[in-house]
Amino acid sequence: MSAPTVRRRRLGAKLRALREALNLTGEDVVEKSGDRFTTAKISRIETARVAAQRSDVELLLDLYGVDDMELRAALLTLTKEGARRGWWHSYRGVLTPVYEDLISLEAEAESVSTWQLGVIPGLLQTSEYAREIIRATSMSDAIAANIDALVEVRLARQAVLTREEPLTLWAIIAEQALRSSSEVDGLMHEQLGRLLSVGRRANVNIQVLRSDAPLHVGQMGTFTLLGFGPHADLDVVHTEGLTSALYIEETDKVAAHRDAWQRLTSAALSV
């Protein structure tokens, strides 16, 4: 996906559920609305490819006979918040759309479960570690030219761990990611201290998977599972490669990653 915000996805899913509960097709809704909608527009709203307008949502709720004022208010709130811009929009000149999607999802998630083979998770990085990792893994001149801004973004993302209702972070890190090379000994000392400090928070759990552990599913690659509590149907898996990232939303594939996560938690040691 080019991930729409979770609020838009929740709104779209609810509107689709209301329509389907009445056994209405998109064509039926177009007819009932007096052609104020097209089937394409209904699809774009339900799949969150566009931010719905308040007037459109109000009309759909009327067409679906929704007279529960609390439900209407909740859905209209989602409509308003779905169009709201996050703090990261001020960095749009240096962020890729895919990275913006990740930050948006983190900001709205209730939990993040991340498995990392070679690096410390971004939500746990110190500024100097982040700077060195960004520099070492940069594959474009644009990234190299905006390292300061990208470090700022990475540190700003970590506010989800200390907000009023903090995100729950569970990180499993391969032992090799904790090993320091001679030129970054001091950097890694600070980074390990950061892990120990943040790991004391009630909403943070850190595990390490030893290098001598038996073969395991995590060797197929890193991944991050973003969870949305009671809205489990909105859970998303994020995977990242050298030059691209992928978001996985299909229910069966998300479930497969949950199973892989459970296997990793059983194999890893707690810090």
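Read-outs throughout are calculated quantities, based only on the coordinates presented, and are distinct from any laboratory measurement. Just so you know, these numbers come straight off a predicted model, no measurement behind them. Note that we place each Cβ from the backbone using ideal geometry, even for glycine, and neighbour counts take in every protein chain shown.
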Review point. Filtering region 203-220 down to residues that are part of a loop (DSSP other than H, G, I, E, B) and of a type in the set (S, T, N, Q), which residue is farthest from residue 120 (Cα to Cα)?
Key: 203
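Among the residues of region 221-241, count how many are in a loop (DSSP other than H, G, I, E, B) and either polar (S, T, N, Q) or under 17 Å from residue 119 (Cβ atoms) (or both).
Step one: filter region 221-241 for residues in a loop (DSSP other than H, G, I, E, B), giving 221-222, 228-231, 235, 241.
The next check asks that each one be either polar (S, T, N, Q) or under 17 Å from residue 119 (Cβ atoms) (or both); those that pass are 221-222, 241.
Count: 3.
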Exercise for review: Identify all residues within region 148-179 that are in contact (Cβ under 8 Å) with a residue 40 or more places away in the chain and under 16 Å from the mean Cα position of the chain (by Cα); write none if there are none.
Suggested key: 153, 156, 157, 160, 161, 167, 168, 169, 170, 171
